[in-house]
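For reference, the structure discussed in these notes is given below.
The values are calculated or read from the model by the stated rules, or taken from the named source; none is laboratory data. On a predicted model such as this, the values are computed, not experimentally measured, just so you know. Here the Cβ positions follow ideal geometry from the backbone for every residue, glycine too, while neighbour counts run over all protein chains shown.
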Amino acid sequence: MKLKKKIPLIDQVSKSGFWGNKFGGNFVPETLKKPIEDLEIQFNKLKKDKKFISERNRYFKNWIGSPTRFIKLEKLTNHIGGAQIWSKVVSDANGGAHKVYNATVHCLLAKRSGKKIICGDTGAGYAGKMLSMAAKKFGLKCKIFMGAKDIARQQPNVKAIKKNGAEVIPVYSGSQTLVDAVSECMRFWVANCDTTAMCVGSTVGPAIFVRICGWSTSQISRELKVQLIDEFGSVPKKLKLYNCVGGGSSSFGFWNEFMDYDKKQCEFIGVEAGGPAKSKKHAAPLTYGSKIGILHGAAQYVNQDSDGQIEETESISAGLDYPGVSPLHCFLKDTKRARYTAASDEEALNAFKTVTKYEELRPSLEPSHAFSVAIKEAKRLSKDTIVVVNSCGDAYKDRGILEKRLGKKYVKSN
Amino acid sequence: MLNPISAAFKKAKQENRAALLTYTVAGDSSKKKSLEILKSISKDVDILEVGVPHNTPVADGSQIQTSAYRSIKNGIKMNDIFKIVKDFKKSNKYKPIILMGYFNMILQYGENNFLNKCNSSGVNGLIVVDLPWPENKNFAKKCKKKSIYFIQLLSPTTTKIRLKKIIKDSHPMNYFISMLSTTGGKLKVSPNNILKNYNKIKKIDPKKEIVIGFGITEKTIGKLKSADGLVVGSAICKEISKSLKYRQNPVTNVNKLVKKLKSKIL
Ligand SMILES: Cc1ncc(COP(=O)(O)O)c(C=O)c1O
């Protein structure tokens with residue numbers, strides 16, 4: 001298995017949708033073969049179409065707001081006393097998270113193919129919020145599938161989804177979290193694929209959804225590369241990019257433009273959700289060596305029992321609370337291009353406390369996982385090392401959890 | 001020896017009727033009960049589909065999901081399922097059994113191990129919901145070597161060229177999904193329309209048996225009886241759930257329902 005240079009990773013895929021002959025694929029019911037093939041043809045064509053690219057860029061710039069900020073966390077850096085700690089504030093994007101890139105692209109595609117309805121899954125509620133926002137913008141009806149447990153713990157985003165005029169469909173099966181929302185959304189698509197487009201909320205699902213999502217979030221690293229060169233004159237000699245990994249869309253997008261650099265110059269660190277320190281359950285299939293299995297149409301490392309039943313996960317962060325992970329990350333792990341580790345609920349909460357104590361930034365619980373590892377490792381790194389953390393979500397959505405776990409003083413009113 | 005699946009179709013043809021296929025989830029409502037259900041309906045049913053419950057099913061509606069979750073909660077394991085089949089076959093050697101499920105369960109068991117176990121317990125065919133053609137070519141070949149039918153699914157969205165290719169590679173039995181739906185959806189297409197599609201597919205290779213499934217109930221089964229075979233699943237799972245709710249015996253209730261279904265296609 002080898003990572004090729006000069007070809008985007010989303011295109012290093014076999015005809016049948018596999019990376020490294022092992023990860024990804026299209027394990028889907030027969031009914032979805034045709035709509036998936038249609039989407040593949042459309043995407044492969046449009047991704048080379050200059051007019052489409054400039055349309056996308058226009059929306060990214062004027063509507064999503066690009067570039068998002070790249071800032072030095074001076075006070076945090078001084079406090080830690082090791083590497084320079086920077087952040088790419090992706091939560092600046094319209095709606096407050098990276099999920100807006102994928103949602104926008106899917107709506108553009110749906111619009112062009114004449115679909116009137118779009119459905120999507122959500123965990124933290126961001127993918128749903130962004131899809132509802134984009135659907136409204138492009139005049140599509142929108143249905144969002146969300147686990148009942150996540151509806152309860154991510155109310156601010158649920159309210160936003162409803163305000164955008166989308167329907168929120170609670171999912172009561174299984175663990176009532178993201179994994180069940182994705183299953184239910186796929187089932188809805190199976191039954192309605194003639195009228196409805198589907199947006200998978202991360203770099204997961206059948207291969208085409210992995211590719212579209214990765215292509216969309218790569219905007220993050222395109223911006224970052226320009227910002228790094230602006231700031232340092234070139235891509236720094238010692239660069240470390242920290243990102244939380246749930247399905248893997250923000251991390252992939254944060255790294256993509258730097259894929260061809262040697263990992264000694266530009267290291268990728270993915271941080272999965274380790275779950276509560278005291279619990280055996282986690283959402284970190286890469287870190288804890290889960291076996292390859294099939295989840296939501298793709299082969300990947302996934303938490304499962306010996307029979308192949310998908311195991312329940314546990315994490316304070318709804319966005320990371322997923323038993324599987326993108327085939328792209330499985331590939332990056334096996335080729336050793338990226339390194340993966342996990343942070344526990346408690347470590348993420350502590351990182352949130354530290355970051356908010358020293359900086360104006362309020363990362364949500366997902367990027368707080370990445371901050372936790374970045375802060376720990378930065379201590380031992382030289383001052384000329386540039387650590388960048390993707391702050392891909394804002395803590396507003398987590399106010400209920402933060403208040404309960406850390407007390408009122410950690411919650412802001414907006 | 002003729003695969004019992006083909007023998008079952010042959011017998012139904014001789015009796016001038018469609019074959020009746022049922023789908024029940026292994027281990028629903030318990031290991032014991034699910035075996036009892038199979039035994040009790042086997043006289044009226046031509047081919048028994050036994051569902052392998054999975055907890056992230058991407059093509060099952062709420063009735064089958066409920067059955068599957070119930071069974072998983074009761075602790076069903078792959079080996080229990082093989083045991084149910086084996087126990088059933090002790091007294092019903094020639095009644096064909098098809099296992100229906102998702103590919104991850106086979107992958108984790110190991111393809112070859114799984115097929116060997118199918119052979120030793122008496123499984124005659126497999127339906128793997130999320131292993132479509134051409135991805136299933138290799139596995140289907142392995143099945144053939146073990147004299148197990150790998151049953152291809154065909155859908156209203158399957159293009160004509162694709163239909164031809166799939167049928168060309170297929171074993172003697174295929175499964176036509178009546179409409180765009182998960183299992184157990186309301187029949188949203190008229191039976192006439194379903195039969196029109198069915199007949200088009202049947203023409204591609206009239207020798208292959210094609211059953212129709214998804215959304216078939218007591219109300220609709222009679223109108224589709226010109227097909228080679230008809231599958232009823234969700235309606236039976238629903239009957240089990242209902243029986244449990246009213247504290248009735250699912251075995252007798254399912255048996256009654258199956259007799260009714262059978263009477264509609266005679
Ligand atoms: C803010 C935020 N970060 C990260 C994630 C995890 O997803 P991914 O790994 O696809 O970026 C989510 C998912 O909901 C999220 O809302």
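Selection of the stretch A:291-327 for residues being in contact with a helix residue (DSSP H, G or I) (Cβ under 6 Å, 6 or more places away or on another chain) and among the aliphatic types (A, V, I, L, M) yields A:294, A:298, A:316, A:318, A:320. For the structure I just gave you, tell me whether residue B:240 is of a type in the set (A, V, I, L, M, F, W, C), within 14 Å of chain A (Cβ to nearest Cβ) and outside any loop (DSSP other than H, G, I, E, B). Against the criterion (of a type in the set (A, V, I, L, M, F, W, C), within 14 Å of chain A (Cβ to nearest Cβ) and outside any loop (DSSP other than H, G, I, E, B)), residue B:240 does not qualify. Only one entry in A:301, A:322 is of a type in the set (Ser, Thr, Tyr) and more than 24 Å from residue B:60 (Cβ to Cβ), namely A:301.
Surrounded by fewer than 24 Cβ atoms within 10 Å (Cβ to Cβ), hydrophobic (A, V, I, L, M, F, W, C) and modelled with pLDDT of 95 or more, is that true of residue A:277? Even if it seems obvious, please write down each step before you answer.
Values: surrounded by fewer than 24 Cβ atoms within 10 Å (Cβ to Cβ): yes; hydrophobic (A, V, I, L, M, F, W, C): yes; modelled with pLDDT of 95 or more: yes.
Here the answer is yes, as residue A:277 does meet what is asked.
When you look at residue B:51, is it among the small types (Gly, Ala, Ser) and touching a Ser or Thr at 6+ places or on another chain (Cβ under 7 Å), yes or no? Against the criterion (among the small types (Gly, Ala, Ser) and touching a Ser or Thr at 6+ places or on another chain (Cβ under 7 Å)), residue B:51 qualifies.
Taking the conditions exactly as written (within 10 Å of chain B (Cβ to nearest Cβ) and not β-branched (Val, Ile, Thr)), does residue A:189 satisfy them or not?
On the way: within 10 Å of chain B (Cβ to nearest Cβ): yes; not β-branched (Val, Ile, Thr): yes.
Spelling it out, residue A:189 is indeed within 10 Å of chain B (Cβ to nearest Cβ) and not β-branched (Val, Ile, Thr).
Inspection of the stretch A:1-23 finds a residue satisfying the criterion of being among the small types (Gly, Ala, Ser), over 30 Å from residue A:238 (Cβ atoms), touching a residue at least 12 places away in the same chain (Cβ under 8 Å) and surrounded by 18 or more Cβ atoms within 10 Å (Cβ to Cβ). Restricting attention to the stretch A:177-214 and to residues that are touching a helix residue (DSSP H, G or I) at 6+ places or on another chain (Cβ under 8 Å) and of a type in the set (Ser, Thr, Tyr), the residue that is modelled with the lowest pLDDT turns out to be A:177. Looking only at residues in the stretch A:1-25 that are assigned to a loop (DSSP other than H, G, I, E, B) and hydrophobic (A, V, I, L, M, F, W, C), which one is farthest from residue A:263 (Cα to Cα)? Taking the candidates together, the pick is A:13.
Against the condition more than 24 Å from residue A:240 (Cβ to Cβ), in contact (Cβ under 8 Å) with a residue 12 or more places away in the chain, within 14 Å of another protein chain (Cβ to nearest Cβ) and not polar (S, T, N, Q), how does residue A:322 come out, does it pass? Walk me through it before giving the result.
Details: more than 24 Å from residue A:240 (Cβ to Cβ): yes; in contact (Cβ under 8 Å) with a residue 12 or more places away in the chain: yes; within 14 Å of another protein chain (Cβ to nearest Cβ): yes; not polar (S, T, N, Q): yes.
Judged against the criteria, residue A:322 is a match.
Within the stretch B:104-113, being buried (at least 23 other Cβ atoms within 10 Å of the Cβ) and among the hydrophobic types (A, V, I, L, M, F, W, C) holds for one residue alone: B:106. Of all residues in the stretch A:143-151, none satisfies being within 12 Å of the ligand (Cβ to nearest atom) and in contact with a Lys or Arg (Cβ under 9 Å, 6 or more places away or on another chain).
Exactly one residue out of B:141, B:196, B:219 is closer than 21 Å to residue B:96 by Cα and free of Cβ contacts under 8 Å to residues at least 12 places away in the same chain: that is B:141. Just for the stretch A:364-390: of the residues that are of a type in the set (S, T, N, Q) and surrounded by 18 or more Cβ atoms within 10 Å (Cβ to Cβ), which one is nearest to the ligand (Cβ to nearest atom)? Going through the qualifying residues, I end up with A:364. As an exercise: evaluate residue B:116 against (1) in a helix (DSSP H, G or I); (2) within 14 Å of another protein chain (Cβ to nearest Cβ) and give the number of the one condition it does not meet. Among (1) in a helix (DSSP H, G or I); (2) within 14 Å of another protein chain (Cβ to nearest Cβ), residue B:116 violates only (2). So in the stretch A:121-136, with the set limited to residues that are within 7 Å of the ligand (Cβ to nearest atom) and small (Gly, Ala, Ser), which one is nearest to the chain's Cα centre (by Cα)? By that ranking, first place goes to A:127. Residues that are over 23 Å from the mean Cα position of the chain (by Cα) and away from every other protein chain (no Cβ under 12 Å) within the stretch A:5-41 comprise A:5, A:6, A:21, A:41, listed in sequence order. With the structure loaded, tell me whether residue A:361 is away from chain B (no Cβ under 14 Å), within 12 Å of the ligand (Cβ to nearest atom) and either basic (Lys, Arg) or farther than 26 Å from residue A:19 by Cβ (or both) or whether it fails that test. No.
Checking each residue in the stretch A:93-117 for being more than 16 Å from the ligand (Cβ to nearest atom), over 18 Å from residue A:210 (Cα atoms) and touching a residue at least 12 places away in the same chain (Cβ under 8 Å) picks out A:111, A:112, A:113, A:115, A:116, A:117.
A search for C-beta distances below 6 Å between a residue of the stretch A:118-136 that is more than 17 Å from residue A:93 (Cα to Cα) and any residue that is more than 9 Å from the ligand (Cβ to nearest atom) and of a type in the set (Val, Ile, Thr), counting only pairs 6+ apart in sequence or on different chains, returns A:119/A:196; A:120/A:144; A:121/A:182; A:122/A:144. Scanning the stretch B:181-215 for residues that are small (Gly, Ala, Ser) and either within 14 Å of another protein chain (Cβ to nearest Cβ) or part of a helix (DSSP H, G or I) (or both) turns up B:181, B:184, B:185, B:213, B:215. For the stretch B:30-53, the set of residues classified as in contact with a Leu (Cβ under 8 Å, 6 or more places away or on another chain) and either among the acidic types (Asp, Glu) or modelled with pLDDT under 95 (or both) consists of B:44, B:46, B:49, listed by residue number.
Can you go through A:219, A:155 and tell me which one is within 29 Å of residue A:87 (Cβ to Cβ) and crowded, with 22+ Cβ neighbours inside 10 Å? That would be A:219, the only listed residue that is within 29 Å of residue A:87 (Cβ to Cβ) and crowded, with 22+ Cβ neighbours inside 10 Å.
Over 25 Å from residue A:237 (Cα atoms), assigned by TED's automatic domain parsing to the domain that holds residue A:236 and free of Cβ contacts under 8 Å to residues at least 40 places away in the same chain, is that true of residue A:351? Write out each step before concluding.
Values: over 25 Å from residue A:237 (Cα atoms): yes; assigned by TED's automatic domain parsing to the domain that holds residue A:236: yes; free of Cβ contacts under 8 Å to residues at least 40 places away in the same chain: yes.
Criteria met by residue A:351.
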